[in-house]
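The values are calculated or read from the model by the stated rules, or taken from the named source; none is laboratory data. Note that this is a predicted model, so its numbers are computed, not measured. Cβ: placed from backbone, ideal geometry, glycine included. Neighbour counts: every protein chain shown. What goes into the accessible areas is simple: the full protein's heavy atoms, side chains included, and nothing from ligands, DNA or RNA. Shrake-Rupley method; radii C 1.70, N 1.55, O 1.52, S 1.80 Å.
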Amino acid sequence: FVNSGSWIPIDGCNEASRGMAYRDNQVSSFGMCLPYGNSHIWAWEKQPSYTHCRFGYRDEAQVKKVLNNRRIIYIGDSETRNLHYASLRIMGITGSGAYDATLPKHQDTTNIVWNTTPVVFKWAPLAVDQLTVLKEVNDNAGEGSSQPDLIFLGGGAWDRLHVYATDEDRQSHAATLKELSAEMLRSQQQNAAVVWFIPTTINSPALNTEEKRDHMREEDMEAMRAVYAKNGVLSASSFVLDGPTFSASRVSESFDGVHYPPQVYDAGAQILMNALDWLLPPNEAEQGTTSPQIGKMSNPMLGFMMLVLVGIGLFTFDGFLGFTYLSSAFVKGLKPNELHRQILRSSKKSGRVEVSDPEANGLLRSRFEKAKARKRAPKAKPSGNLDSEIAALIGR
């Protein structure tokens with residue numbers, strides 16, 4: 001699943017990018033947009049939840065948790081070297097792999113990362129070279145030397161170009177691959193994680209020599225990838241990093257037909273770093289700093305006492321968890337139920353009674369009946385008084 005992904009084009013000319021460029025870099029407008037000025041971001045496909053796969057970008061801090069105090073060795077050709085550089089960039093060596101024509105190309109290198117993690121690259125372009133280096137590593141481990149925790153191998157392009165012209169060459173190459181597979185299994189038996197890197201996609205029109213155009217086209221390399229699979233190299237690996245997966249859609253950017261810009265190899269290195277989750281078990285330093293198990297610091301007796309106190313508060317209607325009952329042994333009338341009745345009686349005397357109380361409803365009802373009984377019909381005025389008033393009005 002970790003090899004399943006694609007390059008997603010990102011348009012830098014949207015309003016959000018323009019706003020950030022204006023605020024951070026005082027840029028008012030862009031000169032290139034899609035389809036010429038776009039960039040690409042490697043992204044993993046969505047995985048089913050049952051796989052428990054959570055792939056994502058790994059920064060230096062996350063990688064350090066996995067690779068600290070480990071020994072890592074890269075064995076292979078120039079493409080393997082570029083993956084080695086990309087891995088170093090993730091580990092914090094930002095200038096690793098920068099273009100420098102003055103540096104020798106075909107040499108071994110060693111970097112000590114974080115002062116604890118040796119990362120070694122061994123130049124071994126041919127399968128026979130990779131076999132020699134890996135056998136030496138396994139032999140040294142058998143003699144008591146430290147075995148690398150991670151062995152990263154890759155190749156195939158130089159074999160197809162230089163030692164694959166005749167039937168004898170092909171047979172010899174197949175025999176070498178079978179020996180290489182056996183040594184890879186031997187490395188795993190010595191508790192090393194072994195990764196095989198399948199060569200990236202070849203940009204056939206960009207190949208810069210006639211020899212390469214005759215022997216190292218993409219169709220030739222596709223057949224070579226099948227030869228490595230047939231002779232057990234892939235099955236002898238702990239993990240296979242599929243180069244064509246993250247390079248096929250960027251093949252037009254291969255400037256010499258074989259190599260790619262650094263960001264393409266950065267995607268391959270991110271795939272590798274995500275695969276380390278299951279390739280490398282936690283080391284001793286990690287095991288010594290693991291979090292305590294859930295419930296390890298609990299006390300069953302104290303937990304039971306808390307349940308008892310909560311039960312007292314619930315079943316006695318005592319907000320002080322029973323302490324009111326304790327004080328009622330010394331002062332009469334302090335029990336919670338007696339306090340409730342006392343408050344209700346005082347409310348009745350003052351006339352401040354809640355309508356929601358049943359007793360309060362009865363009190364209001366009795367008062368209403370008494371007020372209704374006091375009402376009387378208005379008395380009629382005597383007729384004599386009425387005659388005198390009429391006489392006064394008419395002037396008698």
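Numbers at a glance
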| item | result |
| --- | --- |
| Residues of the range 159-195 that turn out to be in a loop (DSSP other than H, G, I, E, B) and without any contact (Cβ under 8 Å) to a residue 24 or more places away in the chain, as a count | 1 |
| Residue among THR200, THR209 that alone is among the β-branched types (Val, Ile, Thr) and over 37 Å from the mean Cα position of the chain (by Cα) | THR209 |
| Criterion: at pLDDT 95 or above, buried (at least 17 other Cβ atoms within 10 Å of the Cβ) and either over 23 Å from TYR260 (Cα atoms) or within 34 Å of the chain's Cα centre (by Cα) (or both) - qualifying residue of ASP149, ASP129 | ASP129 |
| Residue match in the range 3-17 (condition: in contact with a helix residue (DSSP H, G or I) (Cβ under 6 Å, 6 or more places away or on another chain) and modelled with pLDDT of 75 or more) | yes |
| Answer residue from the range 273-308, given it is open to solvent by 70 Å² or more (accessible area, probe 1.4 Å) and acidic (Asp, Glu) and is modelled with the lowest pLDDT among those | GLU284 |
| Criterion (surrounded by fewer than 17 Cβ atoms within 10 Å (Cβ to Cβ) and among the polar types (S, T, N, Q)) met by exactly one of THR200, THR166 | THR166 |
| Total residues in the range 81-118, condition surrounded by 20 or more Cβ atoms within 10 Å (Cβ to Cβ) and part of a strand (DSSP E or B) | 1 |
| Inter-residue pairs, beta-carbon under 9 Å, first more than 27 Å from GLN270 (Cα to Cα) and in the range 3-30, second of a type in the set (A, V, I, L, M) and open to solvent by 80 Å² or more (accessible area, probe 1.4 Å), 6+ apart | none |
| When residues of the range 216-255 are limited to those that are of a type outside the set (A, V, I, L, M, F, W, C), open to solvent by 50 Å² or more (accessible area, probe 1.4 Å) and out of contact with any Phe, Trp or Tyr (no Cβ under 7 Å at 6 or more places or on another chain), the one farthest from GLU183 (Cα to Cα) | SER252 |
| VAL27 vs. criteria open to solvent by less than 90 Å² (accessible area, probe 1.4 Å) and under 30 Å from ASP149 (Cβ atoms) | no |
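Residue-by-condition table, conditions (1) surrounded by 18 or more Cβ atoms within 10 Å (Cβ to Cβ); (2) at pLDDT below 95; (3) part of a helix (DSSP H, G or I):
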residue	(1), (2), (3)
TRP42	yes, yes, no
LYS46	no, yes, no
ARG54	no, yes, no
ARG70	yes, yes, no
ILE73	yes, no, no
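To keep it simple, each residue is scored yes or no on (1) over 36 Å from the mean Cα position of the chain (by Cα); (2) modelled with pLDDT of 90 or more.
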{"position": "LEU134", "(1), (2)": "no, yes"}
{"position": "GLY142", "(1), (2)": "yes, no"}
{"position": "ARG160", "(1), (2)": "yes, yes"}
{"position": "ASP169", "(1), (2)": "yes, yes"}
{"position": "ALA174", "(1), (2)": "yes, yes"}
